[in-house]
1. Looking at the stretch B:78-95, can you tell me whether even one residue there is closer than 28 Å to residue A:49 by Cβ, away from every other protein chain (no Cβ under 12 Å) and free of Cβ contacts under 8 Å to residues at least 40 places away in the same chain?
2. Of all residues being away from chain A (no Cβ under 11 Å) and in a loop (DSSP other than H, G, I, E, B) in the stretch B:47-56, which is surrounded by the fewest Cβ atoms within 10 Å (Cβ to Cβ)? Just the residue, please.
3. Which residues, taken from the stretch A:23-49, are in contact with a strand residue (DSSP E or B) (Cβ under 6 Å, 6 or more places away or on another chain), within 16 Å of residue A:105 (Cβ to Cβ) and surrounded by fewer than 19 Cβ atoms within 10 Å (Cβ to Cβ)?
4. Could you check how many residues of the stretch B:57-97 are under 14 Å from residue B:36 (Cα atoms) and either within 10 Å of the chain's Cα centre (by Cα) or part of a strand (DSSP E or B) (or both)?
5. If you scan the stretch A:63-99, which residues turn out to be within 14 Å of chain B (Cβ to nearest Cβ), out of contact with any strand residue (DSSP E or B) (no Cβ under 7 Å at 6 or more places or on another chain) and under 19 Å from residue A:49 (Cβ atoms)?
6. If a residue has to be assigned to a strand (DSSP E or B), buried (at least 23 other Cβ atoms within 10 Å of the Cβ) and facing another protein chain (nearest Cβ under 9 Å) to count, how many in the stretch B:36-46 make the cut?
7. Looking only at the stretch B:98-109, which residues are under 27 Å from residue A:33 (Cα atoms) and in a loop (DSSP other than H, G, I, E, B)?
8. I need the full set of residues from the stretch A:53-77 which are in a strand (DSSP E or B) and either crowded, with 18+ Cβ neighbours inside 10 Å or without any contact (Cβ under 8 Å) to a residue 24 or more places away in the chain (or both), in order please.
């Protein structure tokens with residue numbers, strides 16, 4: 001298993017550009033989440049999903065869109081990049097069944113700079 | 001989701017047990033305590049979780065007080081590789097995780 005794969009690892013955008021951060025997992029996990037982490041700070045939840053076709057907002061959803069058309073993929077779209085969106089973005093997934101909770105598995109992150 | 005309070009930082013000698021406290025006085029009856037850690041700039045790593053009983057796995061032990069208002073994560077024999085930010089999170093089973101600031105644990109030789 002590759003686990004949680006995030007692409008790209010690094011990205012520089014100009015203000016106003018749009019892009020999609022990719023997240024894929026091959027563990028058949030139902031739960032997936034997107035976080036951002038600004039320098040020296042903790043992680044903040046952007047969006048999450050409890051299954052294909054189901055998404056919900058987290059703490060800081062403004063400026064981001066998500067969709068979950070398959071179990072494996074959970075892309076994060078930046079609609080119009082702003083310098084305030086410069087951050088490290090982490091995707092995570094988890095299987096939570098009856099009596100089983102193995103915690104979230106996190107990807108290695110995408111480091112985004114908006115200039 | 002209930003809030004948690006953790007010390008900003010702690011030091012521990014290599015080979016000794018590291019005991020990381022967490023207060024969660026507003027935890028509700030069906031909320032779990034989760035612990036994650038983040039080493040340098042890597043993605044967070046799940047450590048352990050529990051509801052009311054003490055839990056142990058290959059990485060750590062989790063001690064939850066009887067009133068469930070606080071807990072302690074124990075790394076029995078800390079190594080330099082355990083230097084990280086440790087997050088205590090209270091959440092409903094299977095629910096989203098909301099991270100706080102965490103505790104910076106520095107293991108020193």
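1. The answer is no; no qualifying residue exists.
2. For the stretch B:47-56, the residue satisfying everything is B:53.
3. The answer is A:30, and nothing else.
4. Summing the residues that are under 14 Å from residue B:36 (Cα atoms) and either within 10 Å of the chain's Cα centre (by Cα) or part of a strand (DSSP E or B) (or both) in the stretch B:57-97 gives 16.
5. Once the filter is applied, which keeps residues that are within 14 Å of chain B (Cβ to nearest Cβ), out of contact with any strand residue (DSSP E or B) (no Cβ under 7 Å at 6 or more places or on another chain) and under 19 Å from residue A:49 (Cβ atoms), the stretch A:63-99 yields A:95, A:97.
6. So the answer is 1.
7. Result: B:98, B:99, B:100, B:101, B:102.
8. Residues satisfying the conditions are A:54, A:55, A:56, A:57, A:64, A:65, A:66, A:76.
Throughout, read-outs are computed from the coordinates displayed, never taken from laboratory work. Keep in mind that what you see is a predicted model, and the values were worked out from it rather than measured. Cβ sites come from the backbone with ideal geometry, for glycine too, and all protein chains shown count toward neighbours.
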